[in-house]
1. Take residue 206 and tell me if it is surrounded by fewer than 21 Cβ atoms within 10 Å (Cβ to Cβ) and at positive phi.
2. Of the numbered conditions (1) more than 16 Å from the chain's Cα centre (by Cα); (2) farther than 26 Å from residue 150 by Cα; (3) in contact (Cβ under 8 Å) with a residue 24 or more places away in the chain, residue 34 satisfies every one except a single condition; which is it?
3. Residues that are surrounded by fewer than 22 Cβ atoms within 10 Å (Cβ to Cβ), at pLDDT 95 or above, assigned to a helix (DSSP H, G or I) and over 18 Å from the mean Cα position of the chain (by Cα): does segment 102-117 have at least one?
4. Given the residues 162, 215, which is the only one that is touching a helix residue (DSSP H, G or I) at 6+ places or on another chain (Cβ under 7 Å), closer than 19 Å to residue 260 by Cβ and at pLDDT 90 or above?
5. Does any residue of segment 132-141 turn out to be farther than 26 Å from residue 291 by Cβ, touching a strand residue (DSSP E or B) at 6+ places or on another chain (Cβ under 6 Å) and not in a helix (DSSP H, G or I)?
6. Determine which member of the set 78, 39 is surrounded by fewer than 18 Cβ atoms within 10 Å (Cβ to Cβ), in contact with a strand residue (DSSP E or B) (Cβ under 7 Å, 6 or more places away or on another chain), in contact (Cβ under 8 Å) with a residue 60 or more places away in the chain and outside any loop (DSSP other than H, G, I, E, B).
7. Hey, can you tell me all the residues within segment 152-205 that are more than 25 Å from residue 273 (Cβ to Cβ) and assigned to a loop (DSSP other than H, G, I, E, B)?
8. Taking segment 47-75 as the search range and keeping residues that are part of a helix (DSSP H, G or I) and in contact with a helix residue (DSSP H, G or I) (Cβ under 7 Å, 6 or more places away or on another chain), which one is surrounded by the fewest Cβ atoms within 10 Å (Cβ to Cβ)?
């Protein structure tokens, strides 16, 4: 069976050798080209939002990161394009392709982190906390895409409808107000935007080697970067401590809590839209544990 999205991308970047699928997520499929580069094929639909918007945001972020000094690797954007209207790739549900350098290492997940011995897990947490502090400390010298905030606002009505059973109006209003404040808040920082464990690359010894999937990159509160990590109680406190020591800034607990709720509601919405009962159950379990933000 031919794969038009893959065939077209390989032809465009001049690759006529073997390929091997190494990853698949809501928004993309990733193929190893065997030459220290990968092809990332972006889906048009995968969750909340539009794959074309995410593709453009990731391209902009990777170009901005070319001059950043993070002490770990990020993919280098070698080439990229959207699929033409009416092409077989579009008909197959794909929006665009990206030719990237391959980041050394293997992706993590929550279970692998929890299965690590304590010294290895703590070392990884320190590495991550310090890398995020350096990223956030880049300030105005690192200009991330600015469309994500508007996308977040537009998507709130959809999220509110899908999660009305656990998200009262005042919680949605609090999230909306926080997003609107970001644009004028001098405390916002350049952020990866999607620090979940599958976007962390590590070597065989558990050392952090890179961060991938920058499609949600944005300027955000520092606390917004931590919302998924909060779900791993054996990991997050060490990340937080290392971050605060390196940055010299204490994270705000109320903002952490609100960011965690926003992230949770996004996950629950996507799970319900996709009919993923396991993900829905996990989101509801986390909702039962997470304290409500003040005034919501």
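The values are calculated or read from the model by the stated rules, or taken from the named source; none is laboratory data. What you see is a predicted model; the values in this text were computed from it and never measured. Here the Cβ positions follow ideal geometry from the backbone for every residue, glycine too, while neighbour counts run over all protein chains shown.
1. Considered against the rule, which asks whether it is surrounded by fewer than 21 Cβ atoms within 10 Å (Cβ to Cβ) and at positive phi, residue 206 comes out as yes.
2. Of everything listed in (1) more than 16 Å from the chain's Cα centre (by Cα); (2) farther than 26 Å from residue 150 by Cα; (3) in contact (Cβ under 8 Å) with a residue 24 or more places away in the chain, residue 34 misses just condition (3).
3. no
4. Exactly one of 162, 215 is touching a helix residue (DSSP H, G or I) at 6+ places or on another chain (Cβ under 7 Å), closer than 19 Å to residue 260 by Cβ and at pLDDT 90 or above, namely 162.
5. yes
6. Matching residue, one of 78, 39: 78.
7. Hits for segment 152-205 are 183, 184, 185, 186, 187, 188, 203, 204, 205.
8. Step by step, filter segment 47-75, then rank; the result is 53.
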